[in-house]
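K.L.:
For reference, the structure I am asking about is given below.
The values are calculated or read from the model by the stated rules, or taken from the named source; none is laboratory data. For clarity, every value in this text was computed on a predicted model and none was experimentally measured. FYI the Cβ positions are ideal-geometry reconstructions off the backbone, even for glycines, and counts take in every protein chain you see. For accessibility, only protein heavy atoms count, side chains too; no ligands or nucleic acids. Shrake-Rupley method; radii C 1.70, N 1.55, O 1.52, S 1.80 Å.
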Amino acid sequence: MEIFLGFVLLSFNGYHSVIGTDDFYHDTFPNDFLWGVATSSYQIEGAWNEGGKSEHIWDRFSHDNNNWHNDTGDIACDSYHKYMEDIQLIRSLGVDFYRFSIAWTRIIPDPIAYRTGRNKSLNQPGVNYYNNVINELIKYNIKPLVTLYHWDLPQSLQEKIGGWNGSDIVDYYNDYADAAFKTFGDRVKHWITFNEPWVICWMGHGSAEYAPGIKEPSVTPYRCGHHIIKSHAKAYDTYKHRYKTTQKGIVGITMNSDTMHPKNEINQEHIDAAERGQQFMLGWFAHPIYKDGDYPKVMKDNIGDRLPKFTPQEIALNNGSFDFFGLNHYTTVLVEPAKKEFGFPGDLRLQLSRDPSWTGSGSYWLKVVPWGFRDMLNWIKKEYNNPKVIITENGITDNNGTTNDPHRIYYYRQYINQLLKAIKQDGCNVFGYTAWCLLDTFEWNRGFHEKFGLHSTDFSDPARPRTPKRSAAAYTEIVNQNGFPPVGTSTTASSSSSDVQNLIMLILLCVSFFCILNE
Ligand SMILES: *[C@@H]1O[C@H](CO)[C@@H](O)[C@H](O)[C@H]1NC(C)=O
Ligand SMILES: *[C@@H]1O[C@H](CO)[C@@H](O)[C@H](O)[C@H]1NC(C)=O
Ligand SMILES: *[C@@H]1O[C@H](CO)[C@@H](O)[C@H](O)[C@H]1NC(C)=O
Ligand SMILES: *[C@@H]1O[C@H](CO)[C@@H](O)[C@H](O)[C@H]1NC(C)=O
Ligand SMILES: *[C@@H]1O[C@H](CO)[C@@H](O)[C@H](O)[C@H]1NC(C)=O
């Protein structure tokens, strides 16, 4: 009898681990967790020269034929005209908020005239457009989460003051941020100053893959980063002193980071290289803002004089200039040490690779590594004293745009499940999640080739019709259930019902053994 009982218990434990603690974690998110979906201005709006908008650096970069198939965002998804339809799509997803960005050039087409006082008026059609978007969202109880800068710098500032490479940009950015807070802040309570400064500075000023297409990898990315951090801190200060008490909103910055994982997990040099990689990618911006006002030590050591220095006043202004931590995360890379070469990314002294066994996507860099997401969140928790984090982008590409997209459903379920584990099992302080992207869009230098959407967009049809993909329904289910409640339970059910299932299983097993015994 003891032998049989032992066998029964073994079976019970095996069963339990499969449905409960093993791979997929069944539980719900905290009750006040926020769900959202995102886009950005140049990727969706089109109407590049309508309504008084001026040219920006991405208009120029695209018109200069720098993108896949020479694609441009001139029309993109035509959301400038179709925003009402987009908001119905957002509504049907059932999300709490919509993350979108304002195009600087729509509300201040001539920033130099604005700053000098030659022309202090905002461009009314541009203001009307964003007022319409915001009011339509609020009508349906969807919160606007607004990014001020998603890469579309006015072309005039690029040409006349050197863009992010020039120090005057800080005051121009502050003019724009101040105008946006003043104009929209009665209704917008969540602000992101910048989207992905790493991409702006490295891909725009180091590798030249993105606008403004500068290839000066040893100095210019660091000057760009310096001016972005100062611009962020100043805009944060402007909000705090001019708007916070009346508008009661919150302001943060969104940084992108891959998880840097040691290629050999038990080799200390690989572990150190991964830490160095994380400090260069995420710490570059997060350390000054979320830790102590200045760059990570390893950046100062490795870059030397090529890294600009903050004054004590600037350090004080950077330090703690946030109400939340915005994170865009997509993938993980393997890291091992490499000999020093000059210039970013040689300054990191490491080599990156991807495990050939990882599932791919429509982008060479985006491999499906769900556990890396949980590691990233735990690194942020440890490094920055567990700040309030919101995931502002996460998603996957394909190149076929199929509406039957189980690969995307798999990605979302697995990544969101790791997020749930990070919150519930590790205590990471994450308060919201944003799926990228609402629909297939203009994907920067990859044109219309790489598709992230929960809805497909037909770019060959002038009406740009949108069609929900299967992943839209799958995401809605996660949102409606607030996660992954135990199988066979509703949103509010507790884990006790899975205990009941286990008990029934145990009784069935016992009964069958007694039947065997009796034979
Ligand atoms: C893109 O534009 C360049 C001219 O700058 C031209 O040579 C090339 O053929 C174009 N490519 C496509 C796919 O249209
Ligand atoms: C001032 O700027 C606004 C917005 O761009 C524009 O509509 C208006 O024509 C400008 N006024 C003058 C006098 O240039
Ligand atoms: C960036 O600024 C530095 C310092 O003023 C200058 O030497 C460099 O030429 C600038 N780069 C570009 C592309 O304007
Ligand atoms: C940064 O801010 C924190 C929290 O306010 C403070 O404890 C710390 O001393 C500051 N560090 C610097 C270098 O100002
Ligand atoms: C579309 O691409 C994805 C990812 O690259 C792939 O998994 C999927 O099978 C493709 N679907 C179709 C219908 O071609």
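K.L.:
Taking H placed 1.01 Å from N in the peptide plane, check which residues at least 5 places from residue 432 or on another chain put their amide H under 5 Å from its amide H.
P.N.:
Those qualifying (amide H under 5 Å, at least 5 residues apart or on another chain) are 34, 391.
K.L.:
Summing +1 for each Lys or Arg and -1 for each Asp or Glu, what net charge is found among the other residues whose Cβ lies under 13 Å from the Cβ of residue 268? The partial results should precede the final answer.
P.N.:
Numbers: positive: 263, 276; negative: 265, 269, 272, 275, 336.
Counting the neighbours of residue 268, the net charge comes to -3.
K.L.:
Mind listing the phi-derived Karplus ³J(HN,Hα) values for region 25-40, rounded to whole Hz, using 6.51, -1.76 and 1.60 with θ = phi - 60°, and x for any glycine or proline?
P.N.:
9, 9, 6, 10, 7, x, 4, 9, 5, 9, 10, x, 9, 10, 8, 9
K.L.:
Amide H neighbours of residue 196 under 5 Å, at least 5 residues apart or on other chains, H built in the peptide plane: list them.
P.N.:
The list, which skips near neighbours in sequence, is 254, 255, 256.
K.L.:
If we count every other residue with Cβ under 12 angstrom of residue 433's Cβ, Lys/Arg +1 and Asp/Glu -1, where does the sum land?
P.N.:
Numbers: positive: 99; negative: 96, 393.
Result for the neighbourhood of residue 433: -1.
K.L.:
I need the helices of the chain that pass two filters: whole DSSP H segments spanning 18 Å or more by Cα along the axis, and mean Kyte-Doolittle score no lower than 0.0.
P.N.:
2-16, 496-518
K.L.:
May I pose another question? Placing unit charges on C-beta atoms (Lys and Arg positive, Asp and Glu negative, everything else neutral), compute the dipole magnitude of region 27-484 about its Cα centre in debye, rounded to 20. Please report the intermediate quantities before stating the final value.
P.N.:
Values: 49 positive and 53 negative charges, 204 e Å.
It works out to roughly 980 debye.
K.L.:
Mind listing the phi-derived Karplus ³J(HN,Hα) values for region 191-202, rounded to whole Hz, using 6.51, -1.76 and 1.60 with θ = phi - 60°, and x for any glycine or proline?
P.N.:
Here the 3J(HN,Hα) series is 10, 10, 5, 9, 9, 6, x, 4, 5, 4, 7, 7 Hz.
K.L.:
Also, I was wondering about something else. Restricting to DSSP H runs of at least four residues, report the calculated mean residue ellipticity at 222 nm for the chain, -39500 (n - 2.57) per run over all residues, nearest 500 deg cm²/dmol. It would help to have the intermediate numbers written out before the result.
P.N.:
Details: 18 runs with 206 residues, N = 519.
Here the helix-only value at 222 nm equals -12000 deg cm²/dmol.
K.L.:
If the limit is 20 Å between Cα atoms, which of 160/182; 240/388; 53/230; 120/244 go over it? Intermediate results must be reported in sequence, preceding the final value.
P.N.:
On the way: 160/182 26 Å; 240/388 18 Å; 53/230 26 Å; 120/244 23 Å.
Beyond 20 Å: 160/182; 53/230; 120/244.
K.L.:
Using a cut-off of 15 Å between beta-carbons, work out the net charge of the residues near residue 358 (Lys and Arg +1, Asp and Glu -1, residue 358 not included). Before the final figure, lay out the partial values.
P.N.:
Details: positive: 263, 354, 367; negative: 258, 355, 375.
Cβ neighbours under 15 Å give a net charge of 0.
K.L.:
Follow-up. Can you compute log10 of I(q)/I(0) for the chain with the Debye formula, treating each Cα as one identical point scatterer, at q = 0.10 Å⁻¹?
P.N.:
So the normalised log intensities work out to -0.80.
K.L.:
Then there's this: Taking the Cα centre of region 27-484 as the origin and placing charges on Cβ (Lys, Arg +1; Asp, Glu -1), which of 68, 397, 246 is farthest toward the positive end of the dipole?
P.N.:
Going by the Cα projections, it comes out as 246.
K.L.:
Can you run the Rg to Rh ratio on region 281-429? Use alpha carbon positions and the Kirkwood inverse-distance Rh. Intermediate values should be presented prior to the final figure.
P.N.:
Values: Rg = 17.8 Å, Rh = 17.5 Å.
For region 281-429, the value is 1.02.
K.L.:
Could you check how much of the accessible area of the chain is carbon and sulfur, as a whole percent, using a 1.4 Å probe? Write down the numbers at each step before the final one.
P.N.:
Numbers: 10940 of 20920 Å².
About 52 percent, which is the carbon plus sulfur part of the accessible surface.
K.L.:
Right, next: Please compute the per residue accessible area over the chain with all protein chains in place, 1.4 Å probe, rounded to a whole number of Å². Intermediate results must be reported in sequence, preceding the final value.
P.N.:
Working: 20920 Å² over 519 residues.
Here the residues of the chain average 40 Å² of exposed surface.
K.L.:
Compare the peptides 340-347, 390-397 by average per-residue count of other Cβ atoms within 10 angstrom and give them in order, highest first. Working shown, then result.
P.N.:
Working: 340-347: 16.2, 390-397: 24.2.
My ranking of the peptides, most packed first, is 390-397, 340-347.
K.L.:
Counting only residues 5 or more places away or on other chains, whose amide H sits under 5 Å from the amide H of residue 99 once H atoms are built in the peptide plane?
P.N.:
Under 5 Å from the amide H of residue 99 lie the amide H atoms of 37, 38, 39, 145, each far enough along the sequence or on another chain.
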